[in-house]
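Below is one structure, written out as structure tokens; the observations come after it.
The values are calculated or read from the model by the stated rules, or taken from the named source; none is laboratory data. Nothing here was measured: the structure is a model prediction, and the numbers come from that model. We place every Cβ from the backbone using ideal geometry, glycine too, and count neighbours over all the protein chains shown. Areas reflect the complete protein model, heavy atoms only, side chains present, ligands, DNA and RNA absent. Shrake-Rupley method; radii C 1.70, N 1.55, O 1.52, S 1.80 Å.
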Amino acid sequence: MNTVIHSKEKCLTCHQCEMACAIQHSLSGNLYSAINETVNPQSRIFIESDLSGSVSIPNKCRHCDPAPCISSCPSGALKRAEGADVVLSDENKCIGCRNCLVNCPFGVIIFRKSNKYKSGRYVSIKCDECIDRTSASSVPACVEACKTGALRYCEIDSHISARRKMSLTVLNHLYEQNETISDQFSLFKDLLNRCNSIGGQQNY
Amino acid sequence: MHHLKSSCNATVVMLEKAEKDNVQTVWDRYQQQLPQCNYGLLGICCRNCNMGPCRIDPFGEGPQKGICGANADIIVARNLLINVATGAAAHSDHGRDIIQTFQIATAENSDYKIRDENKLRSLAQECGIPAEGLPIKKVASDLASMLFHDFGRQTPGGFPFLKRLPHQRLEIWEKLSLTPRGIDREIVESIHRTHIGVDNDPASLLLQGIRTALADGWAGSMIATEISDILFGTPMPKKAMANLGVLKEEMVNIIVHGHEPVLSEMIVEAANDKKLIKLALSKGAKGINVCGMCCTGNEILMRHGVSIAGNFLQQELAIITGVVEAMVVDVQCIFPSLGNLAKCYHTKFISTSAKAHFPQAIHIELDEEHAYQTACYIVESAVNNFTNRKKSAVFIPPEAMEANVGFSVEAIASALGGSFDPLIEVIKAGQIRGIAAVVGCNNPKVKHDYSHIQLIKKLIKNDVLVVTTGCNAIACAKAGLLSVGAADIAGQGLKTVCNQTGIPPVLHMGSCVDISRILSVAAAMARALDCDISDLPLAAAAPEWMSQKAVSIAAYVLGSGIFTVLGTIPPVLGSKEVTTLLCNKIEELLGAKLAVEVDPDISASLMISHIENKRIALLGETVAKEDSECMSLS
């Protein structure tokens, strides 16, 4: 089963995944119309970064099993999708009790007005792993928007082997102390860290 | 799948070859960029100063101001101004290069000649320079000096060509402080205003953009057009061939690409050199075949009927045919990918401008004092390359369409019997409803050539005469719209006029700087009818635009009072204020506005209904002509 996994090393804090997610879940599905919708399109993925940007992590729903949000939902709004490993929120059934918000270890369930059901109530809104797109053999919007590969959508074993390939570089570097193995991006992040530590970047 | 990328069959077929040859094209790189940055698309990313980069959250939750305090409206307007300035700079620098060549032409033994003495004398007279009975080189020298001054003017109203405009338009500019001062000054001030902490009012930024563009359209570009006519000949109607099929397997093929005829004219001349032709024959070729691409291609097409191989998006495909011995370029619209691509074939990619260096290019700088010599050297190196062709890599698509080209202002007047009066009469009578200028680039964001052709077909069907330049004109040439036979698909009124005068329903007026020809015609018509340009039944469109020059053109066409439809979305929608200003409020100030419409059918309807409304107001018609395909007038 395919899933979305992030690589924090590759996240450039560009926020395109957030934009793409918001547009994907807007009423019009189109950038130019979405910015004019009365109910603001909402992203369900969040870039968590420290203020210097040296650490930047895309944070989204993990579709846990068992899911703490489902376990705590009294109205049955949160459910696992049939035939897909995805936890969905039914914005119409949600009573707004916020149990899910409190129980989610990642804080990725938000409460906003639904654009689908114009009740005016604040309901739980969360990542649906773009089930409409993936069931049509496409990738989630956040993954499509990510140009560095920080977000990938594939079999979990493929993610694991990718990480092992990355660890080889690190392990090799540790063993050989070979300075020519330059992950240019990690050098940049290192520079940011040093700037941070000598007060080069003011963070309020 | 490639047929979705282009409506030009030669292009589709060459994309198949590109895939087979495993080479990358602009379309591949466009796909890789998708989805493009949403902040960029909306124009709400600012990278001007080093406090940034900054972005505005269009959904209202994240930052609403950049670090300096600029909101989305300011950021969008500033970005637009930079684009106008860049486009104006490109056109005006081209104009500057033409005048420098003009000055060289006045020297003894120059390779550059003055070919249209009549135009020189009449232009000099128009600019207040004595020409009666004086030696031609003296007149030329004085005219060159005067026009050179346009670049360095500091106060408004000095450009000689402003006298072509109706007083109503000049009064509007005066009232809004839009009368351009100097070509270089406007560009410098525009860039100054985008410096952090200078101009932070959207309307102010946009008006400076209009003023800068006017210094391009009515000076920079116009100088390029008029002096190029004097140097290289004023275009007169002629036939020529268009599309990749103009490349010939049995010839040494040289493509000239870029913009300034300073280069292309010399290459055409050098290719006629007897020694070089002999050399080509000795290599087993049947001769030397020079073909143009983009605007420099348009320049030699208009003046000499030199074949044109294609427009902007086809530049890589020309190399991919495997029969191009050399692609010789100067400035503007040249892909930096060409050098690398040429290395996959035997093609020599030769850059010639000190201003324009490219990766993997062979740089042979065109020395204007010894231009013919340099050009011969370039042509010779192409001829010597003929034997390096890889036979297995050769494929030329057969498409080559005959087109009627060469419609300068002088040529149109001549075709109409000596003046524009007959045209004004048929417009008044309603046989021709109005005139549409359809211009501009290609863009992989839309299907190549599709919007250009669909829009124009609908316009001529509705008896709107179309004038065209640039890559649009090349698209029309390839699609057969520049043939007299194209009148068959025009409306009855336009068809009749075409059949009577022998002109096609779509008139190729030249390169992008030659949009200044269109401005001159519009101004002349307005003066003849004693009205403003904005009162005329005119509309403009750039259905597939992409360059910064197009932004400058849209700004000066708008500033001159002509309703303009853009077919690719400009990066302004992140600002409600700028969008409203350009598409609505600016009409109160300038008598014209912009519209953004991606569907060419709807664009045509917008232009047609605009033209009909202008007819009602100007000519006192009580009811607009209804067309069943038009959307209702609103």
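Of all aspartates and glutamates in the structure, the ones whose alpha carbon falls short of 13 Å from that of B:K65, not counting any fewer than 8 places away in one chain, are B:D57, B:D73.
Note on segment B:394-457: percent of Cα-Cα distances in each 5 Å bin, starting at 0 and stopping at the bin with the largest distance, equals 4, 12, 12, 19, 18, 14, 10, 7, 3, 1, 0. Toward the positive end of the charge dipole of segment B:244-393, with +1 on the Cβ of Lys and Arg and -1 on the Cβ of Asp and Glu, the farthest Cα among B:I308, B:I277, B:Y345 is that of B:Y345. Across all C-alpha atoms in segment B:72-232, the radius of gyration and Dmax reach 17.3, 60 Å. When +1 charges are put on Lys and Arg Cβ atoms and -1 charges on Asp and Glu Cβ atoms, the dipole computed for segment B:333-460 relative to its Cα centre reaches about 860 debye.
Taking the Cα atoms of the protein assembly as shown, the ratio Rg/Rh between the radius of gyration and the Kirkwood radius comes to 1.01. For segment B:244-393, the pair-distance distribution built from all alpha carbon pairs, in bins 10 Å wide starting at 0, is 13, 48, 36, 3, 0 percent. Taking each pair of distinct Cα atoms in segment B:405-630 once, what is the resulting Kirkwood hydrodynamic radius in Å? Final number for the Kirkwood radius of segment B:405-630 is 17.2 Å. Residue-normalised convex hull volume from the C-alpha trace of segment B:2-55: 115 Å³ per residue. Shape analysis of segment A:18-61 yields a ratio of the Cα radius of gyration to the Kirkwood radius, Rg/Rh, of 1.10.
Using C-alpha pairs under 8 Å with a sequence gap of at least 6, the mean separation divided by the residue count of segment B:72-232 gives a relative contact order of 42 percent. The string of couplings for segment B:71-81 from the Karplus curve (6.51, -1.76, 1.60, θ = phi - 60°) is 8, 4, 4, 5, 4, 5, 5, 4, 4, 5, 4 Hz, one whole number per residue in order, with x for Gly and Pro.
Heavy-atom accessible surface of segment B:2-55, averaged per residue, reaches 54 Å², computed with a 1.4 Å probe.
Report summary: the helix-based calculation at 222 nm, which adds -39500 (n - 2.57) for every DSSP H run with n ≥ 4 and divides by the residues of chain B, gives -14000 deg cm²/dmol. Along segment B:406-415 the Karplus relation, 6.51 cos²θ - 1.76 cosθ + 1.60 evaluated at θ = phi - 60°, assigns HN-Hα couplings of x, 8, 6, 4, 4, 5, 5, 4, 5, 5 Hz to successive residues, with x for each Gly and Pro. Distant-in-sequence amide contacts of A:R112, defined by a placed amide H-H separation under 5 Å and a gap of 5 or more residues or a different chain, comprise A:V123, A:I125. Can you send over the carbon and sulfur percentage of the accessible area for segment B:2-55, probe radius 1.4 Å, protein chains only? Looking at segment B:2-55 in its full context, I get 47 percent from C and S.
Distant-in-sequence amide contacts of B:L507, defined by a placed amide H-H separation under 5 Å and a gap of 5 or more residues or a different chain, comprise B:V466, B:V467, B:T468. Of all DSSP-defined beta bridges confined to the protein assembly as shown, some 40% are antiparallel rather than parallel. Given chain B, what whole percent of its Cα pairs are spread farther than 48 Å? Above the 48 Å cut-off, chain B has 10 percent of its Cα pairs.
In order along segment A:19-29, the Karplus-derived 3J(HN,Hα) couplings, from 6.51 cos²θ - 1.76 cosθ + 1.60 at θ = phi - 60°, round to 4, 5, 5, 4, 5, 4, 9, 7, 6, 8, x Hz, and Gly and Pro are given as x.
Report, for chain B, the % of DSSP beta bridges that are antiparallel, rounded to 5. Within chain B, antiparallel bridges account for around 20 percent of the total. Cross-link reach is defined here as a Cα-Cα straight distance under 18 Å, omitting same-chain residues fewer than 8 places apart; for B:K20 the lysines meeting it are B:K5, B:K343, B:K390, B:K391. In segment A:8-24, the residues that give up 40 Å² or more of accessible area when the other protein chains are added, compared with the chain on its own (1.4 Å probe), are A:Q16, A:M19.
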